[in-house]
Every structure is written in structure tokens, then in C-alpha cells.
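Novice: Please read through the structure below; I'll follow up with questions.
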Amino acid sequence: AYSSRDGIKHAQTAVASGSSCARRERLDAALAVTGMDDESAGCVSLLDLPHDALSRIVSHCAAADLVAGVAPACTLLRSVACDQSLWEDLFRARYAPLLARLFGGEPPRAAAAEAGWRAFYYAFRRSWPALAAERGHVVLQLGDQYYDVTTYLDDHPGGPEYLSDAAGTDATGAFDAVGHSVRARELLRQFALPEELFSAA
């Protein structure tokens with residue numbers, strides 16, 4: 001049996017990642033949904049809460065906590081933790097800067113619908129350059145850095161097709177094989193995507 005004290009303790013543990021200030025904010029937000037404070041949290045079973053309240057609580061958890069901690073706890077929490085709308089919200093929160101820059105603020109819905117939001121949440125970190133290419137962006141990976149060279153296509157001395165053909169791929173080998181000059185490498189820096197855009201991915 002999953003007691004009320006165990007349920008609330010698990011919710012508290014699941015929202016306990018990050019800095020102490022962030023942990024406290026997430027816990028307060030989770031408890032606010034239920035109308036409880038720390039003292040009364042042990043008096044009500046987590047499983048007695050309405051589905052929407054449980055969804056709000058687990059939405060404050062990291063994806064890893066949902067998969068490893070919340071979902072295995074019981075059937076009800078598994079259904080909440082696997083809810084597609086929850087994973088869509090997690091996806092939008094994690095990838096918001098990247099979506100704003102390359103996808104008009106909206107995720108590629110066809111890919112998400114095909115995979116399901118939970119699977120897409122994890123697959124997106126590998127597939128976003130190719131998905132950006134489908135939207136007309138020429139994003140290349142060179143080493144650990146990503147570059148959006150879309151606006152440079154017509155100015156590329158080797159012609160736009162070399163860049164277009166490499167869109168959405170790791171082009172490190174091809175870039176190095178050509179033997180680009182120091183000037184070309186300096187010019188490339190202006191097309192670097194800020195790391196915070198893709199570091200979440």
C-alpha cells in the first residue's frame with residue numbers, strides 16, 4: 001500500500017533536484033496545487049488527489065524523476081507520469097529557446113505525433129538539426145558546436161549546394177577535409193548558435 005506519508009514524501013523527493021531555492025519553489029508549487037503546507041502534507045494521500053492536481057505536481061519533476069521515480073510507484077502515478085500532455089509541456093519548457101530560434105516557437109508536430117511526446121522529448125536532442133533542415137534552416141554541426149549558415153548560402157565560395165547538402169548533419173569531417181583558411185574559420189564564428197540553444201538538447 002502506498003500511504004499518504006509515502007506519497008507526499010515521494011513527491012517531495014521527486015521535486016528535490018536543483019538548488020535549494022529551486023527545490024523549495026517546486027515543492028511549494030506542488031503543495032499549492034493541493035492546498036497543503038508542509039505540516040498537513042502527511043495527512044492526505046497523494047493518490048486521493050484529483051488527476052489534474054497530480055499532473056500539476058508531477059509537472060514540476062525532471063524527466064528523469066518521472067521515468068525512474070514517479071512512474072514505477074503505482075499504476076495511477078504511472079498513468080499521470082506518462083500523460084502525453086505532460087510530456088508536451090516538458091518538451092516545450094526544455095526546448096523553448098531552440099524552438100523560438102529555428103521552429104517559429106512551435107515544435108515539429110508531425111514528428112511529435114508520430115513518436116508520441118515522451119519519445120519525442122528524448123529523440124529531439126539528436127534529431128533537431130535534421131528537423132530544422134526540413135524547415136529550411138541550414139544547420140551544421142562542426143565538432144561540438146552548431147552553426148546556422150542559412151543566410152550565408154549565396155556567399156559561400158564553394159557554392160550553396162555544399163552547405164545545403166550538409167544541412168542537419170555533422171559536417172566536421174567534410175569541413176576539415178577541405179582545409180578551410182583561418183579567415184574562413186573566423187567568419188564561421190558569426191554563425192555559431194549560442195550554446196544555451198542546444199545545450200538543453
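Novice: Among the numbered criteria (1) on the phi > 0 side of the Ramachandran plot; (2) under 20 Å from the mean Cα position of the chain (by Cα), which one does residue 159 miss?
Specialist: Exception for residue 159: condition (2).
Novice: Okay, next question. Are there any pairs, at least 6 apart or on different chains, whose C-beta atoms fall under 7 Å, with the first in segment 173-191 and within 15 Å of residue 141 (Cβ to Cβ) and the second small (Gly, Ala, Ser) and assigned to a helix (DSSP H, G or I), and if so, which?
Specialist: From residues that are within 15 Å of residue 141 (Cβ to Cβ), the pairs are 174/166.
Novice: Would you pick out the residues in segment 69-85 that are in a helix (DSSP H, G or I) and either in contact with a helix residue (DSSP H, G or I) (Cβ under 6 Å, 6 or more places away or on another chain) or more than 16 Å from residue 113 (Cβ to Cβ) (or both)?
Specialist: Selection gives 69, 70, 75, 76, 77, 78, 79, 80, 81, 84.
Novice: Also: Can you name every residue in segment 56-76 that is farther than 20 Å from residue 122 by Cβ and open to solvent by less than 40 Å² (accessible area, probe 1.4 Å)? I'd like the intermediate steps shown before the answer.
Specialist: Step one: list which residues in segment 56-76 are farther than 20 Å from residue 122 by Cβ, which gives 56-57, 73-76.
Matches in segment 56-76: 57, 73, 74.
Novice: Tell me, which residue of segment 77-96 that is within 9 Å of the chain's Cα centre (by Cα), open to solvent by 10 Å² or more (accessible area, probe 1.4 Å) and free of Cβ contacts under 8 Å to residues at least 40 places away in the same chain is nearest to residue 54 (Cα to Cα)?
Specialist: That would be 90.
Novice: Just to verify a result, which residue in segment 143-201, among those that are open to solvent by 60 Å² or more (accessible area, probe 1.4 Å) and of a type in the set (A, V, I, L, M, F, W, C), is nearest to residue 122 (Cα to Cα)?
Specialist: 174
Novice: When you look at residue 118, is it within 17 Å of residue 198 (Cβ to Cβ), among the charged types (D, E, K, R) and not in a loop (DSSP other than H, G, I, E, B), yes or no?
Specialist: Details: within 17 Å of residue 198 (Cβ to Cβ): no; among the charged types (D, E, K, R): yes; not in a loop (DSSP other than H, G, I, E, B): yes.
Judged against the criteria, residue 118 is not a match.
Novice: Which condition does residue 126 not pass, out of (1) under 30 Å from residue 84 (Cβ atoms); (2) surrounded by 13 or more Cβ atoms within 10 Å (Cβ to Cβ), if it passes all the others?
Specialist: The single condition residue 126 does not satisfy is (2).
Novice: Can you tell me which of 99, 131, 153, 163 is over 22 Å from residue 65 (Cβ atoms), in contact (Cβ under 8 Å) with a residue 24 or more places away in the chain, assigned to a helix (DSSP H, G or I) and touching a Pro at 6+ places or on another chain (Cβ under 8 Å)?
Specialist: Unique residue meeting the criteria: 131.
Novice: Sticking with this structure for a sec: Would you tally the residues in segment 102-115 being part of a helix (DSSP H, G or I) and either buried (at least 19 other Cβ atoms within 10 Å of the Cβ) or in contact (Cβ under 8 Å) with a residue 24 or more places away in the chain (or both)?
Specialist: Total meeting the criteria: 2.
Novice: Listed residues 180, 137; which is part of a loop (DSSP other than H, G, I, E, B) and under 18 Å from residue 96 (Cα atoms)?
Specialist: After applying the criteria, what remains is 137.
The values are calculated or read from the model by the stated rules, or taken from the named source; none is laboratory data. Since we're looking at a predicted model, the values are computed, not measured. Cβ sites come from the backbone with ideal geometry, for glycine too, and all protein chains shown count toward neighbours. Please note that ligands, DNA and RNA were not included when accessible areas were found on the heavy atoms of the full protein model with its side chains. Shrake-Rupley method; radii C 1.70, N 1.55, O 1.52, S 1.80 Å.
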